[in-house]
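Okay, so here's the structure we're looking at.
The values are calculated or read from the model by the stated rules, or taken from the named source; none is laboratory data. Owing to the predicted nature of the structure, the values given are computational and were not obtained by experimental measurement. All Cβ positions, even for glycine, are placed from backbone atoms using ideal geometry, and neighbour counts span all protein chains on display.
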Amino acid sequence: MSFRYDIRLSGSGGQGLILMGIILAEAIGIYDGKFVSQTQSYGPEARGGSSKAEVVLSDTEIDYPKAMSLDLLLAMNQKSCDDYYMDLKNDGILIVDSTFVNQVPIQKAFRIPFTRIARENLKREMVANIVALGAIAKLTTIVTPKAIEAAVMARVPKGTEKLNRDALKAGMNAAMKAQKASVPQMLSERVDEDT
Amino acid sequence: MAEVTKLIHKYLRHDKKFPHVWCPGCGIGIMLGSLIRAIDECGYNKDEIVLVSGIGCTGRMPVYVDFNTLHTTHGRALTFATGIKLANPALKVIVVMGDGDAVAIGGNHFIHAARRNVDISTVILNNSVYGMTGGQYSPTTPYGMKTTTSPYSNVEQSFNISELAVAAGAVFVARGTVYHAKMLDGLMEMTFKKKGFSVIEVIGHCHTQYGKLNRMGSAVEMMKWQKEHAVTVEKATQMKDDELKDKFRIGVLVDKELPVFHEEYEKIRRWAKEAK
Amino acid sequence: MKKKTKKELLLQGNEAIVEGALRAGCRFFAGYPITPATEISELLSVRLPQVDGTFIQMEDEIASMGAIIGASLAGAKSMTATSGPGFSLMQENLGYAVIAEVPCVIVDAMRGGPSTGLPTFPSQSDVMQARWGTHGDHPIIVLCPSTVRECYDITIRAFNMAEKFRTPVIILVDEVVAHMREKISIDEDEDIEIFNRVKPTVPPEWYIPYEDTPRGVPAMANFGDGYRYHVTGLTHDIRGFPTSRPDEIDPFIRRLFRKISQHFAELHMGEFFETDDAEITIIAYGCVARSAKRAARDARERGLKVGALKLNTIWPFMRTPVEKVLQTSKIIIVPEMNMGQISREVKRVNKTDAKVFTINKVDGTIITPEEILRKIKEVR
């Protein structure tokens, strides 16, 4: 069977999830050259309602375009974490924005305060999604840092390039810290599963 | 053959399409004559004219004349005409409609075509009734009149087509009658020459339906009514309000300049190419 | 890392429709804002003026449909895009385009109905509106993409068919495909067949605008070309003049049908996926065709002989390909995001012992591969 990787980016409207999905899909599809499909679901409200974007990547043509069992779930708020963590595969990765997600239902999750980083370090809360993209690039092997940077630069408004580059870097750095912190935990859990 | 008849024959389609569908005595023929004389006077060639109509008695007009002719759906003539004009601005687009066509089912298209200032000349024959379907009340049937769907009396207020056109932003609005045929020729010519959305309301009569139900007599008597109730714009300025009470004004009601849609759109094309 | 070229793009279905339309030569668009078709309007308002085309936002969908017919008569390849509620309003003038034989393309990005329904959720419930929405006996061509690439290709085909057969062509795209982004490569130099309406070559005085031809499609003069003729929504004779003669009415209506029916093979587009040895075949279209393909793959992994037939042409109904799988399969499953519109057609043409089962989902979400698999297990 060919390689297939299913990603769901979830949270509330206004957090830039659909743009995230587009950038991620573009990085994977155009800059990294894989097959990719990006879908979304949203309500009538542009702000505040539930919002999710999904990205499926593969080394071959993609049949079902929406995410099935998740290899990666990003939850930018508590509700989306609660709603979707059950869809994760056993070895799927959960990344939460710990600014808003206080209860993480599973142990092996990466908790990174994307919104707080954006607000405090970068002074612009709206780049939380780009911070999260940086973290995804670091925590997974689905997209190269080069590709994600190129895709971000191609989609963000002129004049905000530095801010967004900083946001990506901040996300990558935060991810590295989170990775170090979670490695022993994840290993111990693996052992538990096997026994 | 009289000169005037010869002129009309120059523009008629002689293959197959006569006699026409209109009742003897109908004013549409006079309006068609005026339209042809105005086109001739303006010097358009037949190939550049597109004559568009909707549905109803006026809807049948284009089939008789030798232009590019388009008989559309009820009320929608202006939407088709908008597409034609914008796809080929070199064409002279003339729309003919009736009162029901223009301001009932097509009312929305009428006000928006006027607002947009698409370069279309619009000729509306207002005979206060739906003639072809058998005399039902229309948006211009006056209060208190009888029709086949207001058998007791019409309790709705009526539209004033010209005032509606003015309010919607038409750059040129004129009113004439089929009785004042000579004057109609001149007004029609001005309507066609005007760049932008121009409207001419032509007061006509439907003796077959409306006249009969309201005991208004024959076509001749109904035309006499037009003669007696029409007041020129110039004369109206010297008359008191109570003298004008049951009268209507004929002549040029509005003539102003506004940017025309297809010319404005050239700017958009320029900007779009610059932004590319 | 591959270098980004201009031609490899991550596009939404709606955006690919725009690219396809422009490639096909579309130069006029009239529309009215409606979810989930609005991206088509927005993008064409940017792109059409760049190529000396015209974009106009009309006062409603009735007007939009009228305007594209007018523009086409004046010589421009034209299109509109809408969703269910607006598509309902277009039905009146859609019929006009059929009877007056005016080429044009209508995109209906299907959302949940009836009425205002589910503006942001997908559905496939306009299949029958596309077929019979306008009154009167008429043939119609309706195409349905299920990938972004197909949005591009099918839009080009839609314009070609409209021009070739002098008919409105409807593209039914569901919200999933309309809003989905996939990578497609567009090659400006690619040799794609673009068909333009056949114009008369005879002198104007010999031109018979609605004359029958071997293909059933008369040559079409544009307004302003010097061929002054009459266009009407009334049933007309070969000259375009209204007629009430039975001997003129009958051949006219039959010609309208014949010009489509004698070209079925050319109009039918679809894909057989592992159907040759399939005991169970899933017949699907739009986004659900992708679920079907996935379900067939997963079923084969489990040792079940399952195939899928994707319909890219919805109308005229793909009778021959459907009959083929009806003959070779024991079980047919038709999953649809409606209460059963194409499945009725499948049942209608079924003269075999194959059993036809349906999956009907009307909750505003796509039918998943698992749901199809579940049905397979249930009925096999």
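One table, with the values for the structure above:
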{"item": "Selected residue (only one of A:37, A:41 is in contact with a Pro (Cβ under 7 Å, 6 or more places away or on another chain), facing chain C (nearest Cβ under 8 Å) and either closer than 18 Å to residue C:8 by Cα or surrounded by fewer than 22 Cβ atoms within 10 Å (Cβ to Cβ) (or both))", "result": "A:37"}
{"item": "Out of C:36, C:85, sole residue that is touching a Pro at 6+ places or on another chain (Cβ under 8 Å), more than 14 Å from chain B (Cβ to nearest Cβ) and over 25 Å from residue B:275 (Cα atoms)", "result": "C:36"}
{"item": "Failed criterion for residue C:254 (all others in (1) within 9 Å of chain B (Cβ to nearest Cβ); (2) under 29 Å from residue C:313 (Cβ atoms) hold)", "result": "(1)"}
{"item": "Matching entry among C:64, C:72, C:41 (being buried (at least 22 other Cβ atoms within 10 Å of the Cβ) and closer than 21 Å to residue C:148 by Cα)", "result": "C:41"}
{"item": "Evaluation of residue B:201 against (1) over 28 Å from residue B:119 (Cα atoms); (2) crowded, with 23+ Cβ neighbours inside 10 Å; (3) acidic (Asp, Glu) (one fails), failing number", "result": "(1)"}
{"item": "In region C:149-180, the residues that are of a type in the set (Ser, Thr, Tyr) and either within 14 Å of chain A (Cβ to nearest Cβ) or within 17 Å of residue C:65 (Cα to Cα) (or both)", "result": "C:167"}
{"item": "Strands (runs of 3 or more DSSP E) within region B:37-110 that include 3 or more residues of a type in the set (Ser, Thr, Tyr), facing another protein chain (nearest Cβ under 10 Å) and out of contact with any strand residue (DSSP E or B) (no Cβ under 6 Å at 6 or more places or on another chain)", "result": "none"}
{"item": "Residue B:8 vs. criteria under 18 Å from the mean Cα position of the chain (by Cα) and surrounded by 17 or more Cβ atoms within 10 Å (Cβ to Cβ)", "result": "no"}
{"item": "Candidates B:191, B:237 - the one that is farther than 28 Å from residue B:23 by Cα and out of contact with any Gly (no Cβ under 8 Å at 6 or more places or on another chain)", "result": "B:237"}
{"item": "Entirely in region A:52-151, the strands (runs of 3 or more DSSP E) that have 3 or more residues that are in contact (Cβ under 8 Å) with a residue 24 or more places away in the chain and buried (at least 24 other Cβ atoms within 10 Å of the Cβ)", "result": "A:70-75"}
{"item": "Residue tally, condition among the aliphatic types (A, V, I, L, M), over 17 Å from residue A:5 (Cα atoms) and within 14 Å of chain C (Cβ to nearest Cβ), over region A:44-90", "result": "1"}
{"item": "Residue in region C:181-194 that is closer than 30 Å to residue A:24 by Cα, free of Cβ contacts under 8 Å to residues at least 12 places away in the same chain, of a type outside the set (Lys, Arg) and away from chain B (no Cβ under 14 Å) present", "result": "yes"}
{"item": "Close pairs (8 angstrom Cβ cut-off, 6 or more residues apart or separate chains): at the interface with chain B (Cβ under 7 Å from one of its Cβ atoms) and within 14 Å of residue B:77 (Cβ to Cβ) in region C:48-77, in a loop (DSSP other than H, G, I, E, B) and basic (Lys, Arg) anywhere", "result": "C:62/B:76; C:63/B:76; C:66/B:76"}
{"item": "Scope region C:198-218; condition away from every other protein chain (no Cβ under 12 Å) and among the charged types (D, E, K, R); matching residues", "result": "C:199, C:211, C:212, C:215"}
{"item": "Given (1) under 27 Å from residue B:45 (Cβ atoms); (2) assigned to a loop (DSSP other than H, G, I, E, B), index of the condition residue B:182 fails", "result": "(2)"}
{"item": "Odd one out for residue A:161, checked against (1) in contact (Cβ under 8 Å) with a residue 12 or more places away in the chain; (2) away from every other protein chain (no Cβ under 14 Å)", "result": "(1)"}
{"item": "Residue C:119 being surrounded by fewer than 22 Cβ atoms within 10 Å (Cβ to Cβ), within 14 Å of chain A (Cβ to nearest Cβ) and in contact with a strand residue (DSSP E or B) (Cβ under 7 Å, 6 or more places away or on another chain)", "result": "yes"}
{"item": "Hey, residue C:108 facing chain B (nearest Cβ under 9 Å) and among the acidic types (Asp, Glu) or not", "result": "no"}
{"item": "Subset of region C:201-213 [modelled with pLDDT of 95 or more and not in a loop (DSSP other than H, G, I, E, B)]", "result": "C:204, C:206"}
{"item": "Conditions (1) more than 8 Å from every other protein chain (Cβ to nearest Cβ); (2) part of a strand (DSSP E or B); (3) surrounded by 24 or more Cβ atoms within 10 Å (Cβ to Cβ); number of the one not met by residue C:11", "result": "(3)"}
{"item": "Output for region C:363-380, where each listed residue is crowded, with 19+ Cβ neighbours inside 10 Å and more than 11 Å from residue C:333 (Cα to Cα)", "result": "C:366, C:367, C:369"}
{"item": "Residue identified as modelled with pLDDT under 95 and more than 14 Å from chain C (Cβ to nearest Cβ) among B:276, B:227, B:245", "result": "B:245"}
{"item": "Selected residue (only one of C:167, C:201, C:155 is outside the structural domain of residue C:106 (by TED's automatic domain parsing) and out of contact with any Leu (no Cβ under 7 Å at 6 or more places or on another chain))", "result": "C:201"}
{"item": "Every residue from region C:219-233 that is more than 11 Å from chain B (Cβ to nearest Cβ) and touching a Pro at 6+ places or on another chain (Cβ under 6 Å)", "result": "C:219"}
{"item": "Filter result for residue C:216 (surrounded by fewer than 21 Cβ atoms within 10 Å (Cβ to Cβ), on the phi > 0 side of the Ramachandran plot, assigned to a loop (DSSP other than H, G, I, E, B) and touching a residue at least 40 places away in the same chain (Cβ under 8 Å))", "result": "yes"}
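Every residue, every condition in (1) in contact with a Pro (Cβ under 8 Å, 6 or more places away or on another chain); (2) among the charged types (D, E, K, R); (3) closer than 18 Å to residue B:199 by Cα; (4) free of Cβ contacts under 8 Å to residues at least 60 places away in the same chain, yes or no:
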{"position": "B:26", "(1), (2), (3), (4)": "no, no, no, no"}
{"position": "B:34", "(1), (2), (3), (4)": "no, no, yes, no"}
{"position": "B:53", "(1), (2), (3), (4)": "yes, no, yes, yes"}
{"position": "B:58", "(1), (2), (3), (4)": "no, no, yes, no"}
{"position": "B:79", "(1), (2), (3), (4)": "no, no, yes, yes"}
{"position": "B:99", "(1), (2), (3), (4)": "yes, yes, yes, no"}
{"position": "B:103", "(1), (2), (3), (4)": "yes, no, yes, no"}
{"position": "B:122", "(1), (2), (3), (4)": "no, no, yes, no"}
